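Inspection log for the structure reproduced underneath, given as structure tokens.
Every number here is computed from the coordinates shown, using simple stated rules; none is lab data. Because the structure is a prediction, the values reported are computed rather than measured. Neighbour counts are summed over all protein chains in view; Cβ atoms, including those assigned to glycine, are modelled from backbone coordinates with ideal geometry.
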Amino acid sequence: MGLKDYLYDIWEAVATTAKGMRITARYGVDPRETITLQYPEERWEPSERFRGFLYNDIKTCTSCTMCVRVCPVDCISLESVRGADKKMVLASYDIDLGRCMYCGLCVEVCPPKSLKHTSGYEKASVDRGELILHFIHEDAGEIKARVAKQVAEAAAKAEAEKAKAESEKPEAEMAKDGDPDSRAAQKDAPPLAGGNPEGGGAAEKKPGEEKE
Amino acid sequence: MKARAEALPTQEMLINMGPQHPSTHGVLRVILRTDGEVVVNARPDVGYLHRALEKIGERVTYAQYMPFTDRLDYLAAMNCNAAWAWTVEKLAGIEVPERAEYIRVIVCELNRIASHLIAFGSFTADMGAFTPFLYAIRERERINDLFEDICGNRLTYNYVRIGGVSADLPDRFLEKTKEFLDYFAPKVPEYNNLISYNKIFVHRLANVAAVTPEDAVGYGLTGPNLRGSGVPFDLRKNEPYSVYPEFDFDVCVGTGERGTLGDCFDRYMVRINEMKESVRIVRQAIEQIPEGPVMAKVPRMFKPPVGEVYFRAENPRGETGIYLISDGTVNPYRLKIRAPSFVTMGIFEKITKGLMIADVVAVIGSFDIILPEIDR
Amino acid sequence: MMESLAISLVNAVPVLSGVPLWTITLLIMVMVAAVVLTFALTYSGLATYVERKVAGDIQARVGPNRVGPVGILQFLADGIKLLLKEDIIPAKADRFLFVLAPYLVFVGSFAAFVVVPFGVGLIASDLNIGIYYVMAITSLVVVGVMLAGWSSNNKWALLGGMRAAAQIVSYEIPVGMALLPAVLIAGSLSLQDIVRSQGGLFGIFGWNLFHNPFTFLSFFLYYVAALAETNRTPFDIPEAESELVSGYHVEYSGIRFAFFFLAEYGDMFVVSALATACFLGGWHVPFLDAEALPALWGNLFSLGVFLGKTLSLVVLMMWIRWTLPRLRVDQLMRVAWKYLVPLTFFNLLGVSLWLLLFHGKGIPQMIASLFG
């Protein structure tokens, strides 16, 4: 290494350092370059498509279980019973935000568009249970019992009408018609009252799995 | 002198670098055997982040696997999304609308910029300069804003779908992207002035851990790590997929401008230059993007035909290959992912011999590995 | 100096004449030391705040802004946090040395404040071997750092300690050599004398910085070497957060860590103060002679000028830190032995020849004498 290279080395080190320091100084003194948002006071506007916490509008939900089936991490659990008017009635609808990965697949498949992403993103809790969103606050067992009662009443009504219309039919068959509903309700109610949302979800998932 | 050295025998030191170490980019563990500061052997130990992503692929449906590809290389989730979509489309022979392909290319290239920004930023932070890291994050934040507009998430996008993309571009997206490109293009020369050609930085990187072109090919390096060794191999050019043939861009290769060919500095410069090329590609894509649908007709209960397929895409970290066997059901029969970072770790032990501890950090940074991809 | 102060105090207050003189001297000494220490600690705390603020500004961020107005009380909050933290000593550590090390580092750094010439009459102790004393006492730092690295029983800490030892020992030489020109010009090792020798000529052209080309170069060489001696980026390899996790103080927590931290900022002040005193004319400033002012105002004014110069050098260090990457350990040694040491020797030779040839006159003096 000759003297020229030696001096050039020093010159290069000084020059490149000065170049870099000029850039940092420009950022340092220019207040417009500060881009920090003071978070709790200032917030950015989440975009329209922002995938925040899930929200299910249970009034429009048809309990079709599409969301349950498409969820890759099984974070949605849903329970429903067939109501008196042959429509499904939601007994419980829970989303475990601790598991949810906000992929948005459930929102995309929802036929009535009742499941939506909100723009909410702040949720911290000391207990994992608090991360489970319950969209139906009533106890699932009560709803089931009530629906079962309604179904039974409707069935009894129909039965009575039937009996009036066709009095010649044997009674045994009519009893068979009413039985399955009430039995199902009794079987499902206890685990739910015990606070196990998984059991209901798994039970409800069965038709989907059969298809696979 | 020599006699005295023999009289005072020294011991090698065994140091555990990681899995909790600030510059192993996650949970990589390197078992260092050193002679003072000089590394005798550095054996990488991977597997701390294993989540059985390939096995998960066998029990979820094709569409359900899309969010998991986000977790493959979380700094380039769009590229992984798209790679999965292209693989399944290749298997099932789905014709994707052209607009969807253009959108995919735009988001992939934007994500490549974001990923290279993180590579650049974390690399300089490893070298002791923290300011460029913050600048890189600042620019990346704007890309994240764009992605938030387009798909609603900022890290795990899950935007690409088998047969297209989940939603068309939002209003003003292309204008916003152009604004970003205009903002970003002058930043690259600024980075070069700030740090790339800084004497100290160049000295830290030049002639460190040079990988010869033969070794690079032999060890299966891909992406910027391969091109850093002067091998002009880029899947977007050499095995074009999607609409990449429509675009005019250069393949950046290392030239050994400040030292030997294939050293850390070359790998670093390839990334810097690729950001410029990505800007070019996105500009062209914005010019050429056609109108039309963004989603092909794909049945809800999607069942590809029986068969197997291998598809590889040029991701920011190299070649992500997906090997897929279908048995005609809704779930893949077998899924294998060739992760570029994992393959790259193969040469790590060889090239770190005789370097100093500080150089090991430089090597990890210059390879730009990402741990979730290594362990899958 | 303390003794004469004590005598004058006794003369002024007759009640004290019954008390032995040495107790009064001792009391005055303790008081002066307390004042200096208070200043040093306050400065160090504020310097950590300024460092973070400078870093924030440079990095397009805001920096601390929550505690107190514009976050200025952040350092108090940090200090309280560090005090309240659990003091952890690793099980396999050498307990005695582990506890001793932070004190050595702290003492080495803060004892140097004693000879810093803050103003016309503001100097805790105007030792006639001032520079020599600073060089000697700051060497304690290296002992402390090495002990910290060794006693932690952690391999990263050990590497950091060894690096620090090699680095500081190497850089002591260029630091000393770069300071010698100022000593040659003033003909004294006392910092106050060195500052006094730079007066006159509009208060700026008397500075050693402009004395001749060699002293000009000397200032920059000193500054670079001093950066290395204080373990600041780009020479922060003993800490090297991204390589050695954080080097020799990796196992320290709580108040012991705070000692290392404060010592680093204390070191920065000391080396900047030396640069100010030796090259930037100390408290000399254009158009106003502090020595001609009444004692109180002269002292306050000169204190302000001195702190202004010194603290801008400290901020310059921060600016450099947030711009540059870090050298590798072998490159660090190369910078010391292949660049700084030869250049400082060359410089010293140049200055000596200059003083010999021009009878101790600098360029500004010669120009001034041309115009009469």
### Query
Considering every residue in B:145-151, what mean count of other chain Cβ atoms within 10 Å of its Cβ is obtained?
3
### Query
Under 5 Å between amide H atoms, partner at least 5 residues away or on a different chain: which partners does C:Val285 have, H built in plane at 1.01 Å?
C:Ala290
### Query
Looking at the stretch B:166-246 from every direction and averaging, what is the projected area of its Cα convex hull in nm²?
8.6
### Task
Using only the alpha carbons, work out the radius of gyration and Dmax of the stretch B:249-376 in angstrom.
19.8, 57
### Cα-based convex hull volume of the stretch C:264-361 per residue, rounded to whole Å³
137
### Query
DSSP loop GluC sites (Glu not before Pro) in the stretch B:90-151 with at most 10 other Cβ atoms within 10 Å of their Cβ, which ones?
B:Glu95
### Message
Could you work out the pair-distance distribution P(r) of chain B from its alpha-carbon pairs, with 10 angstrom bin width and percents rounded to whole numbers?
### Response
5, 24, 32, 24, 11, 3, 1, 0, 0
### Task
Project the alpha carbons of the protein assembly as shown onto their principal axes and report the range along each, largest first, in whole Å.
136, 74, 63
#### Entry: Radius, Kirkwood style, for the stretch C:236-284 when every pair of distinct Cα atoms is counted (Å)
12.5
### Task
Rounded to the nearest 10 degrees, what's the angle between the helix B:98-126 long axis and the longest principal axis of chain B, both from Cα atoms, 0 to 90?
20
### Task
Rank these for me by crowding, A:Cys61, B:Cys151, going from fewest to most other beta carbons within 10 Å.
A:Cys61, B:Cys151
### Query
What trypsin sites (Lys or Arg not before Pro) in the stretch C:21-125 are in a loop by DSSP, with at most 11 other Cβ atoms within 10 Å of the Cβ?
C:Arg66, C:Lys92
### Query
Peptides B:49-62, A:33-46: what's the order by average Cβ count within 10 Å, highest mean first?
B:49-62, A:33-46
### Query
Cα convex hull of the stretch C:85-370: how many Å³ per residue?
123
### Task
Just list whichever of A:Lys116/B:Lys187; A:Lys86/B:Lys297; B:Lys276/C:Lys338; B:Lys353/C:Lys338; B:Lys55/B:Lys187; A:Lys86/B:Lys303 have alpha carbons separated by over 30 Å in the model shown.
A:Lys116/B:Lys187; A:Lys86/B:Lys297; B:Lys276/C:Lys338; B:Lys55/B:Lys187; A:Lys86/B:Lys303
### Query
Taking each full run of DSSP H in chain C as one helix, which ones are at least 27 Å long along their axis (Cα atoms) and have mean Kyte-Doolittle hydropathy of at least 1.0?
C:21-58, C:130-151, C:155-186, C:254-279, C:295-321
### Task
Could you work out how far helix B:264-288 tilts from the main Cα principal axis of chain B, as a 0 to 90 degree angle to the nearest 10?
20
### Shielding by partners, peptide B:157-165 (average Cβ within 10 angstrom, other chains)
2
#### Entry: Volume per residue that the Cα convex hull of the stretch B:1-126 spans, once the total is divided by residue count, Å³
159
### Query
Can you list the residues, at least 5 places off or on another chain, whose amide H is less than 5 Å from the amide H of B:Asn41, using H built in the peptide plane?
B:Arg33
### Query
So how do C:Phe118, B:Phe130 line up by other beta-carbon neighbours within 10 Å, fewest first?
B:Phe130, C:Phe118
### Message
What distance in nm separates the two pseudo spin-label positions at C:Lys85 and C:Asn65, each 7 Å out from Cα along the beta-carbon direction?
### Response
2.6
### Overall Cα dimensions of the stretch C:31-102, principal axis frame, Å, largest first
43, 36, 21
### Message
Checking the cross-link filter: which aspartates and glutamates have an alpha carbon closer than 15 Å to that of C:Lys85, excluding same-chain neighbours under 8 positions apart?
### Response
C:Glu251
#### Entry: Computed Kirkwood radius, in angstrom, where 1/r is averaged over Cα pairs of the stretch A:35-182
18.4
### Task
Find the Rg to Rh ratio for the stretch C:182-271, where Rh is the Kirkwood radius over alpha-carbon pairs and Rg uses the same atoms.
1.15
### Query
Rounded to the nearest 500, what is chain B's calculated 222 nm mean residue ellipticity when only DSSP H runs of at least 4 contribute -39500 (n - 2.57) each, over all residues?
-13500 deg cm²/dmol
### Query
In deg cm²/dmol and to the nearest 500, what is the mean residue ellipticity at 222 nm of chain C if only DSSP H runs of at least 4 residues count, each as -39500 (n - 2.57), divided by the residue total?
-22000 deg cm²/dmol
### Task
Two decimals is fine: what is log10 I(q)/I(0) at q = 0.19, 0.23, 0.32 Å⁻¹ for the stretch B:159-199, from a Debye sum with one equal scatterer on every Cα and no solvent?
-0.69, -0.78, -0.97
### Query
Just for the Cα atoms in the stretch C:140-216, what are the lengths along the principal axes, largest first, rounded to whole Å?
56, 23, 19
#### Entry: Hydrodynamic radius by Kirkwood, which averages 1/r over all alpha carbon pairs of the stretch C:41-165, in angstrom
17.2
### Message
In 5 Å bins starting at zero, report the fraction of Cα pairs in the stretch B:12-53 per bin as a rounded %.
### Response
6, 25, 24, 21, 13, 5, 3, 2
### Task
List B:Ser242, C:Ser8, C:Ser44 from most exposed to least, where exposure is judged by having the fewest other Cβ atoms within 10 Å.
C:Ser8, B:Ser242, C:Ser44
